[in-house]
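Colleague: The structure under discussion is supplied below as structure tokens; questions concerning it will follow.
Bear in mind these aren't lab numbers, they're just calculated from the coordinates by the rules spelled out. Quick caveat: nothing in here was measured; it's all calculated off a predicted structure. Cβ placement follows ideal geometry from the backbone for every residue including glycine, while neighbour counts extend to all protein chains displayed.
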Amino acid sequence: MSNNASESPSTGNRVGAIILGLLFLLLALGLFVLVQLTPMIGTMSSSFQLSRFGSPRSVFVGLENYTRLFEDERYWGASGFTVVMVIVRVLLIATVPLIGLLAGAGNRGVRAATQVLLSLIAIIVTPVSLAVIWRVMFDPQFGLFTGLDEPLLLTPGGARIGVIGLDALVTVGVALAAGG
């Protein structure tokens, strides 16, 4: 047996590391159940009951709440909007860091320019910057969108486009900060 430092660790050390890793996984699973699943189960249970917020009394109604929900047109409009928001976010989070990675694979000058550009975009699309830009765009007297026949954000379609656009810009900033 040699005293070479590059030898693999002993079997006992590996078993101990595996056991320690499993203990950490069990701890994480316990915290997940406590923080995520317990409130979710409580919410699911209360969705089958008719009650007033803050009132200790409730009546079991089964699927009646869901029937009423699925018959409401506002629910389907909100569900479609949520799906669009999720798709936009997933596409942006999946593509923006990839573009940064691909751009950075080139020569050193292109990589530096790309990093500066992506950093500027990340700074520009932070929520505070977006709020200022948003205010300038929609200011009643001097905004860029003052000449419209009907204010953009006051129509359901315009508000939907505005919220999705704003969320897309914020998501680009987060994606750039996380992986760009």
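Colleague: Measuring from a point 7 Å past the Cα of Q49 along Cα-to-C-beta, which residues in segment 62-89 have an amide N at less than 12 Å?
Modeller: 62
Colleague: How many nm separate the modelled label positions at L25 and A78, each set 7 Å beyond the Cα in the direction of the Cβ?
Modeller: 3.9 nm
Colleague: Mind giving me the nanometre distance, one decimal, between the label points for R14 and V88, set 7 Å out from Cα along Cα→Cβ?
Modeller: 5.1 nm
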